[in-house]
Amino acid sequence: MKQFDPGESASIISVTDQVRPIAVGMPVTSVHFLGEHAAFVGAEESVAMVDAEGEVSRVSVHGGGILCAVSDGKRIVMGGDDGKLVALDAGGEVALLAADPKRRWIDNVALHPDGAVAWSAGKTAFVRGGKSEEKSFEVPSTVGGLAFAPKGMRLAIAHYNGVTLWFPNMAATAEVLEWAGSHLGVTFSPDNKFLVTAMHEPALHGWRLADTRHMRMTGYPGRVRSMSWSAGGRWLATSGADTVIMWPFASKDGPMGKEPAMLAPLQARVSVVACHPKQDILAAGYSDGTILMVRLTDGAEILVRKNGTAPVAALAWNAKGTLLAFADEGGDAGLLAL
Amino acid sequence: MPDLTSQKTPVQKIPVTVLTGYLGAGKTTLLNRILSENHGKKYAVIVNEFGEIGIDNDLIIGADEEVFEMNNGCVCCTVRGDLVRILDGLMKRKGKFDAIIVETTGLADPAPVAQTFFVDEDVQKHARLDAVVTVADAKWLSARLKDAPEAKNQIAFADVIVLNKTDLVSKAELAEVEARIRAINPYAKLHRTERCQVALSDVLERGAFDLDRILELEPEFLDAGDDHDHDHDHHHHGHDHDHAHSHGLKHYHDEDMQSLSLRSDKPLDATKFMPWLQELVASEGQKILRSKGILAFSDDDDRYVFQGVHMMLEGDHQRAWKDGEARESRLVFIGRELPEQIIRDGFERCITT
């Protein structure tokens, strides 16, 4: 990776005084917007719903650790170490979607635009659609990640040595994309042309779906735990380095043979990234608590939160892109209205 | 390969005990004790068979023993993929437990589970390998050491050995099995038990990984002070050769597994030692199952401790040398076909003159 000149960072614009601090009061692992509420998902047991006035109300969702959470803006679906899959809606209503009979951990969850939900326990992935009944599929090793394709009913199941593409509504055999190693996260590009996994080792792996050509994306000092597609899917922003690593996906070859762009370098590891839903802006959280907003076109930075706290654990924009919510691992959170 | 010199002692890492032992040795008995006795501590326990533990507890987690190869060009570098995931999930409940116990199946090689604590950055951040505890069956271990390579690996890897079911063997048989264990691993702390009645503090949260023991002991004198009878006239069959030492203890050499101990009263040159050790485990790591040491470097007032599994090492400044404490370096290696002379010569070159 090339060197970056941090010479301009001294005169950075700050909006730290415009942030509304929120005392969530528990360790947070992710944040999502449900209507007007920012919903901070705790590491255990509950979700803190914060309204536009900053009022916090806690909703109990699990009897233990919350292992995974995903949202489509209407509800958050979460899996826990209590073996339960639950949904929380904007009104604060909790619904039990499934319970594992052996109380196995629900490790991964994914939501389809049409409302179907997928989850996994051990080696088994489950899908339940709005219309269709529950179906399951077993892969050779523990499921590391789940993602629905943006079009059609197709589920990517990441596991050891590759990804299985499963069509729950078709009798066709599942397609397997092989690559040695343990795949722990998975995402489709918004145009449905590429599939990218975050591996156990510090690297991403990608496939062009038309011809399953491989894309190796390496060079990270640490494991990639956060990936976010920029508006229109032109870039995939990732954590894992001391700059935001941006892989170009605008051309038909994706990042093949290209260098990534590197934005917002700091003396700390990027822990979370969240791209703005409409504009070429992203928010990046760091291991020292710093949060920056970064313009993708020229790398201009705005300081949202100063360093000196626990690592940033959660970042999210509301659907309109007018609100940014964040929290660190210790539960110090904030809301920024733009 | 982690940078040995730059690692700093982290705050509040959760200690992890790896519990191994061949089928039927008594692991489940020990686990049930740990889970049921009133010791004021809470343990998260990762088990391979849910059913064996007759206790309902939401901190008992079933594992799949998935062994993954790492894509780092290191052939013996395997980790427990399921463990990486489970530890990640458990960290969400930090504060709800004091320590973690990982039970392996009776046929498991302890290397992947131990290596998980060396290779994964996130695991390392939150947890540290406290000790490998091996439960062995006094009646059947000698036979298993001959026919089950897994049983031998489990003994070789151990920091603590619970030699169980001693009530089922004679004194002579007990001396025999202990000598067999010592031939493979002279450095582990050994406890003789019936029904795994060992003080839990002797197996859990051992802190310094029982490292100090390697400073205390000469392998030749390991049995000194033990209260069993030494049977000089016992006759042995098989390929092992035994010979009586001047102090009359039975001593075996295991043809398959050896241990090697190095020591120096003169300080080591860190700029020579670190590259040498890293090079050694990189080239001979497949043969070296375990390595550990306490080191005195020149111009360094701190004790440096390290431990390794195959090609992986981790080390840290442990504490300052105490006044009057002999600043002595001591290393041990346990493995197969150890190139003893090469290791000895290499070590000699790291000693300051």
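Identify, please: which residue in the stretch B:47-70 is surrounded by 17 or more Cβ atoms within 10 Å (Cβ to Cβ), in a loop (DSSP other than H, G, I, E, B) and facing chain A (nearest Cβ under 8 Å) and is, among those, modelled with the lowest pLDDT?
Among those residues, the one meeting the criterion is B:MET70.
Can you find, within the stretch B:270-315, the residue that is surrounded by the fewest Cβ atoms within 10 Å (Cβ to Cβ) among those that are farther than 16 Å from B:ARG344 by Cα and acidic (Asp, Glu)?
Filtering the stretch B:270-315 for residues that are farther than 16 Å from B:ARG344 by Cα and acidic (Asp, Glu), the one surrounded by the fewest Cβ atoms within 10 Å (Cβ to Cβ) comes out as B:ASP299.
Could you grab me the full set of residues in the stretch A:280-299 that are in contact (Cβ under 8 Å) with a residue 24 or more places away in the chain and either more than 18 Å from A:LYS320 (Cβ to Cβ) or in contact with a helix residue (DSSP H, G or I) (Cβ under 6 Å, 6 or more places away or on another chain) (or both)?
Scanning the stretch A:280-299 gives A:ALA284, A:GLY285, A:TYR286, A:SER287, A:GLY289, A:THR290, A:ILE291, A:LEU292, A:VAL294, A:LEU296, A:GLY299.
Filtering the stretch A:265-323 down to residues that are within 27 Å of A:ALA250 (Cβ to Cβ) and of a type in the set (Asp, Glu), which residue is modelled with the lowest pLDDT?
So the residue we want is A:ASP298.
Against the definition (in contact (Cβ under 8 Å) with a residue 60 or more places away in the chain and surrounded by fewer than 17 Cβ atoms within 10 Å (Cβ to Cβ)), how does A:GLY91 come out, yes or no?
no
Within the stretch A:93-115, identify whether any single residue is of a type in the set (Lys, Arg), assigned to a strand (DSSP E or B) and within 19 Å of B:ARG85 (Cα to Cα), and answer yes or no.
No, because not a single residue in the stretch A:93-115 is of a type in the set (Lys, Arg), assigned to a strand (DSSP E or B) and within 19 Å of B:ARG85 (Cα to Cα).
I'm told A:THR173 meets every condition in (1) in contact with a strand residue (DSSP E or B) (Cβ under 7 Å, 6 or more places away or on another chain); (2) among the hydroxyl-bearing types (Ser, Thr, Tyr); (3) not in a strand (DSSP E or B) except one. Can you identify the failing condition by its number?
The failed condition is (1).
Would you check if there is a residue in the stretch A:98-114 being more than 14 Å from chain B (Cβ to nearest Cβ), under 18 Å from the mean Cα position of the chain (by Cα) and under 21 Å from A:PRO202 (Cα atoms)?
Within the stretch A:98-114 (the criterion being more than 14 Å from chain B (Cβ to nearest Cβ), under 18 Å from the mean Cα position of the chain (by Cα) and under 21 Å from A:PRO202 (Cα atoms)), the answer is no, since none of the residues qualifies.
Among what's in the stretch B:105-121 and is part of a helix (DSSP H, G or I) and among the β-branched types (Val, Ile, Thr), pick the residue that is nearest to A:PRO221 (Cα to Cα).
B:VAL119
So which residues in the stretch A:19-32 are on the phi < 0 side of the Ramachandran plot and either assigned to a loop (DSSP other than H, G, I, E, B) or out of contact with any strand residue (DSSP E or B) (no Cβ under 6 Å at 6 or more places or on another chain) (or both), if there are any at all? First the steps, then the outcome.
Filtering the stretch A:19-32 down to residues on the phi < 0 side of the Ramachandran plot leaves A:19-24, A:26-32.
Once the filter is applied, which keeps residues that are on the phi < 0 side of the Ramachandran plot and either assigned to a loop (DSSP other than H, G, I, E, B) or out of contact with any strand residue (DSSP E or B) (no Cβ under 6 Å at 6 or more places or on another chain) (or both), the stretch A:19-32 yields A:ALA23, A:VAL24, A:MET26, A:PRO27.
Can A:ALA327 be described as small (Gly, Ala, Ser) and under 14 Å from A:SER228 (Cα atoms)?
Taking the combined requirement at face value, the residue does not satisfy it.
Can you pull out the residues in the stretch B:79-97 that are among the hydrophobic types (A, V, I, L, M, F, W, C) and facing chain A (nearest Cβ under 7 Å)?
B:VAL84
How many of the residues making up the stretch A:64-91 are within 14 Å of another protein chain (Cβ to nearest Cβ) and either closer than 25 Å to A:GLN18 by Cα or assigned to a loop (DSSP other than H, G, I, E, B) (or both)?
3
Would you pick out the residues in the stretch A:206-257 that are touching a residue at least 12 places away in the same chain (Cβ under 8 Å), among the small types (Gly, Ala, Ser), outside any strand (DSSP E or B) and closer than 14 Å to A:LYS193 by Cβ? Walk me through it before giving the result.
Taking the stretch A:206-257 first, the residues touching a residue at least 12 places away in the same chain (Cβ under 8 Å) are A:206-210, A:212-250, A:252-256.
From what is left, the residues that are among the small types (Gly, Ala, Ser) are A:206, A:210, A:219, A:222, A:226, A:228, A:230-233, A:237, A:239-241, A:250, A:254.
Narrowing the set further to residues that are outside any strand (DSSP E or B) leaves A:210, A:219, A:222, A:226, A:230-233, A:239-241, A:250, A:254.
The answer is A:ALA210, A:GLY232, A:GLY233, A:ALA250, A:GLY254.
Does the stretch A:196-205 hold any residues that are without any contact (Cβ under 8 Å) to a residue 40 or more places away in the chain and in a strand (DSSP E or B), and which are they?
Within the stretch A:196-205, A:MET199, A:HIS205 meet the criteria.
Does the stretch B:128-160 hold any residues that are among the aliphatic types (A, V, I, L, M) and surrounded by fewer than 21 Cβ atoms within 10 Å (Cβ to Cβ), and which are they? Walk me through how you get there before you give the answer.
Filtering the stretch B:128-160 down to residues among the aliphatic types (A, V, I, L, M) leaves B:129, B:131-133, B:135-136, B:138, B:141, B:143, B:145, B:148, B:151, B:155-156, B:158, B:160.
B:ALA143, B:ALA148, listed by residue number.
Just for the stretch B:126-139: of the residues that are in contact with a helix residue (DSSP H, G or I) (Cβ under 9 Å, 6 or more places away or on another chain) and not aliphatic (A, V, I, L, M), which one is farthest from A:LEU184 (Cα to Cα)?
B:LYS139
Does A:VAL61 satisfy being over 21 Å from A:LYS320 (Cβ atoms) and within 14 Å of chain B (Cβ to nearest Cβ)?
Considered against the rule, which asks whether it is over 21 Å from A:LYS320 (Cβ atoms) and within 14 Å of chain B (Cβ to nearest Cβ), A:VAL61 comes out as yes.
Of all residues in the stretch A:127-144, how many are surrounded by 22 or more Cβ atoms within 10 Å (Cβ to Cβ) and in a strand (DSSP E or B)? Reasoning before the result, please.
So in the stretch A:127-144, the residues surrounded by 22 or more Cβ atoms within 10 Å (Cβ to Cβ) come out as A:127, A:139, A:142-144.
Next, only the ones that are in a strand (DSSP E or B) stay: A:127.
Going through the stretch A:127-144 one residue at a time, the tally reaches 1.
Here are B:LEU19, B:LEU23: which of them is in a loop (DSSP other than H, G, I, E, B), modelled with pLDDT of 70 or more and either surrounded by 14 or more Cβ atoms within 10 Å (Cβ to Cβ) or away from chain A (no Cβ under 14 Å) (or both)? Full working, then the answer.
On the way: B:LEU19 fails: in a loop (DSSP other than H, G, I, E, B).
The unique qualifying residue is B:LEU23.
List the number of the failed condition for A:GLY42; all other conditions in (1) within 20 Å of the chain's Cα centre (by Cα); (2) modelled with pLDDT of 95 or more; (3) away from chain B (no Cβ under 14 Å) hold.
If we test A:GLY42 against (1) within 20 Å of the chain's Cα centre (by Cα); (2) modelled with pLDDT of 95 or more; (3) away from chain B (no Cβ under 14 Å), just (3) comes out false.
Could you check the stretch A:199-230 and list, in sequence order, the residues that are hydrophobic (A, V, I, L, M, F, W, C) and either more than 14 Å from chain B (Cβ to nearest Cβ) or out of contact with any Leu (no Cβ under 7 Å at 6 or more places or on another chain) (or both)?
Hits for the stretch A:199-230 are A:ALA203, A:LEU204, A:TRP207, A:LEU209, A:ALA210, A:MET215, A:MET227, A:TRP229.
Yes or no, residue by residue, for (1) among the hydrophobic types (A, V, I, L, M, F, W, C); (2) under 25 Å from A:ALA69 (Cβ atoms):
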| site | (1), (2) |
| --- | --- |
| A:TYR160 | no, yes |
| A:PHE188 | yes, yes |
| A:ALA198 | yes, yes |
| A:ARG208 | no, no |
| A:SER228 | no, yes |
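Can you confirm whether A:HIS183 is within 12 Å of chain B (Cβ to nearest Cβ), part of a strand (DSSP E or B) and within 16 Å of the chain's Cα centre (by Cα)?
For A:HIS183, the condition - within 12 Å of chain B (Cβ to nearest Cβ), part of a strand (DSSP E or B) and within 16 Å of the chain's Cα centre (by Cα) - is met.
Does at least one position in the stretch B:316-324 carry a residue that is among the hydrophobic types (A, V, I, L, M, F, W, C), modelled with pLDDT of 90 or more and either surrounded by fewer than 17 Cβ atoms within 10 Å (Cβ to Cβ) or outside any loop (DSSP other than H, G, I, E, B) (or both)?
Yes - at least one qualifying residue is present in the stretch B:316-324.
The values are calculated or read from the model by the stated rules, or taken from the named source; none is laboratory data. Predicted model, so just to flag it, every value in this text is computed and none were measured. Methodologically, a virtual Cβ is constructed for each residue, glycine included, from the backbone with ideal geometry; neighbour enumeration extends over all protein chains shown.
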